[in-house]
């Protein structure tokens, strides 16, 4: 009888442990989905004080609290939020640009990873093989949140088209942008114009982009080639009919290093139609 009981315990123990691991994995998966879903309408990640209400179940199968580590830039709309950034400050091993992690201490009841408490983090996260860890990169978060569609928060030029112009009459238009991470000093961005017709001027005096410029060449261009402003006012008096193309580029301050390839960039090609008007 004792031998049979002993055999039963050796079989039940691992099964109970496996079930607890499965239960905790499911809890962490639900937490990741809840954080992602919450970030869509709010445009940012929840902070550590909001996390318990967002995920509802903050305990693993051993009744220990989950640890939630997140990038603070993503938890604030003013610094880019969910869709406005290209980079984060969290790494783990060789994985960069991590948005957040959810960690359980496993069956030893202790989180051995560093950091081991919930909160914002700047730097490397050292994960322990004794813990149950789920990390979500910024790319994964943005894909799940729909940031590559017309989701609020991503850097984009708002104008769909520019108004028509009349030959010999004063023309005026304004270019607007939203999302991304503005430069300090009133929500400003860096602009430049490409292939602008000679009769068109801008306020501020936006310098022309080099002819080869596009969003893939950001890291090679000096910031002096771009003007900083909330929006761009276009004006001028066309002297002939026709369609005049203009390419508008705008970038933000995603990684606090103006002009680097880590900045968000948006560009759009417009055509200004000039006709004879009454």
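Taking other Cβ within 10 Å of each residue's Cβ, how do 161, 50 sort, fewest first?
On the way: 161 11, 50 16.
Starting with the residue having the fewest Cβ neighbours, the order is 161, 50.
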Practice prompt. Using only Cα atoms, tell me the angle between helix 2-42 and the longest principal axis of the chain; keep it within 0 to 90° and round to the nearest 10.
Written response: 20 degrees
Worksheet item: Fewest to most neighbouring Cβ within 10 Å: what's the order for 199, 38?
Response: 199, 38
Worksheet item: Top mean-square fluctuation among 68, 21, 189, Gaussian network model of the chain, C-alpha springs under 10 Å?
Response: 21
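Counting other beta carbons within 10 Å of each residue's own, what order do 49, 208 fall into, fewest first? Walk me through the intermediate numbers first.
Numbers: 49 9, 208 13.
Fewest to most other Cβ atoms nearby, the residues stand as 49, 208.
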Response to the item:
Among (1) 80, 39, 37; (2) 105, 35, 30; (3) 64, 39, 35, the value of Cα extents along the principal axes in Å computed for this structure carries the label (2)
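Read-outs: derived from the displayed coordinates by stated rules, not from any lab. On a predicted model such as this, the values are computed, not experimentally measured, just so you know. Cβ coordinates were reconstructed from backbone atoms using ideal geometry, including for glycine residues, and neighbour counts include every protein chain displayed.
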